[in-house]
Amino acid sequence: MYILPTINIKQIAAAEESTPFFFYDLNLLKSTLERAAESSGKYGFEVHYALKANSNPEILRAISTVIKGADCVSGNEVLAALQHGFKPEKIAFAGVGKTDMEIDIALENNIFSLNVESVQELEVINQRAGLAGKKAPVALRLNPGVNAKTHHYITTGLEENKFGINPWELEKVLEVLKKLRNIELTGIHFHIGSQITNQDPFRSLALRANEFNHWFRKKGIYLKHINLGGGLGVNYQQPDTESIPDFESFFRLFADVLELLPGQTVHFELGRALVAQCGTLVSKVLYVKSGINTNFVILDAGMTELIRPALYQAYHKIENISHPEAPTITCDVVGPICESSDCFGKAILLPQPERGHFIAIRTTGAYGEVMSSNYNLRSKASAYYLEY
Ligand code: LLP
């Protein structure tokens, strides 16, 4: 059972003008990373941290001491990974729209793989690699047609999504590849979606990966690595009872189902599962006002700091850390932004909030700070860290 260090948080929050801020518990982060490294290490699987979940430099430094690989989706993420301790030979670079400049960054730094999502992209990488006098290590991102059954905005493994190469294009891709002399096909890559809390989609993915692996073998192509992407979900409802995701079952499933050829390495790109629970968005109640059938609790944090509820109707646990014992009231917890979607929780029960109380919005270490904006010309929230 995890206990949010509210004493430390309240000390920081009491400082003038400090809220809203992101609070990161680096102890929890470290335990999470170690658990992931241990569970994956048992099977020799390699984990690449998906920087898109949180690219705060302190967090990146902490992660790169335990997790050796990185998964990037922009040239700047590749550069940030390199700057904060990840080795080039452990960096994967994905994304449907890599610019020429981003491809050049990847080539200059001799990264592990460029995960390619279309025939045209292959041709461009071949051309850029030619100019650089290099051979580009490429993994084909394949669309496995597996439904991740998560929010439709974060489902990526279906034909209707913009991601990956569809199986019916594969013959053509191999024809094209034969002519591209500056490309080395090193592996295949998948990513079916995010916040997946049920094992079935992962089982289907592992089975599909086996089919593809055999298909390539029959064509006389040996793949050095199979990259299964990320997607492992976290418990937003009960962040304290499940502060560390069940990495053990996740990796065991793949170890049980995958049929590998000798020497093939297996890679994962975990983002959310590694960082979500260590982050908390801390805010202050500005005003409480009564509406029709509800009370509006207006915070100094809004969708500018955490857009997930507005964008995906995502649930984040909200706590009154100033007066956790107060009698509860039903309220809508909202931000100050001029949008009705700027709402963190509708009709929720909260220990009676009053002006000046501190409110913790939990599980915001992933896709919180990175997706923040300065809409309404708001200042960027600060970040504070706890480390023993
Ligand atoms: N690999 C690829 C190719 C990805 O596109 C993603 C996430 C990951 C790995 C990491 O997935 P994770 O392990 O974090 O599930 N903003 C959304 C999530 C978007 C995920 C995009 N891709 C959210 O707040 O829920």
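The values are calculated or read from the model by the stated rules, or taken from the named source; none is laboratory data. Since we're looking at a predicted model, the values are computed, not measured. Cβ coordinates were reconstructed from backbone atoms using ideal geometry, including for glycine residues, and neighbour counts include every protein chain displayed.
Please work out which residue is nearest to GLU77 (Cα to Cα), limiting yourself to segment 99-141 and to residues that are within 16 Å of the ligand (Cβ to nearest atom) and surrounded by fewer than 24 Cβ atoms within 10 Å (Cβ to Cβ). Explain how you work it out, then say what you get.
First, pick out the residues of segment 99-141 that are within 16 Å of the ligand (Cβ to nearest atom): 102, 106, 111-118, 121, 138-141.
After this cut, where a residue has to be surrounded by fewer than 24 Cβ atoms within 10 Å (Cβ to Cβ) as well, the list is 102, 117-118, 121.
On the way: GLU102: 10, GLU117: 18, SER118: 21, GLU121: 19 Å.
Selected residue: GLU102.
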Matching residues in segment 46-71 (touching a residue at least 24 places away in the same chain (Cβ under 8 Å) and either within 19 Å of LYS134 (Cα to Cα) or within 12 Å of the ligand (Cβ to nearest atom) (or both)) number 10
Residue set ILE321, ILE307; condition among the aliphatic types (A, V, I, L, M) and under 19 Å from the mean Cα position of the chain (by Cα); output residue ILE307
For segment 212-236, pairs from a residue that is over 17 Å from PHE190 (Cβ atoms) to a residue that is among the small types (Gly, Ala, Ser) and within 16 Å of the ligand (Cβ to nearest atom), with Cβ under 7 Å and 6 or more apart or across chains, are VAL234/ALA273; VAL234/ALA276
* Are any of the residues in segment 20-32 in contact with a His (Cβ under 9 Å, 6 or more places away or on another chain), within 16 Å of the ligand (Cβ to nearest atom) and in the same structural domain as VAL138 (by TED's automatic domain parsing)? -> no
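Within segment 182-209, count every residue that is among the β-branched types (Val, Ile, Thr), touching a helix residue (DSSP H, G or I) at 6+ places or on another chain (Cβ under 9 Å) and either more than 16 Å from the ligand (Cβ to nearest atom) or touching a residue at least 60 places away in the same chain (Cβ under 8 Å) (or both). Please lay out each step first, then the result.
Filtering segment 182-209 down to residues among the β-branched types (Val, Ile, Thr) leaves 183, 186, 188, 192, 196-197.
Going one step further and asking which of them are touching a helix residue (DSSP H, G or I) at 6+ places or on another chain (Cβ under 9 Å), we end up with 183, 188, 192, 196.
Filter once more, keeping what is either more than 16 Å from the ligand (Cβ to nearest atom) or touching a residue at least 60 places away in the same chain (Cβ under 8 Å) (or both): 183.
Result for segment 182-209: 1.
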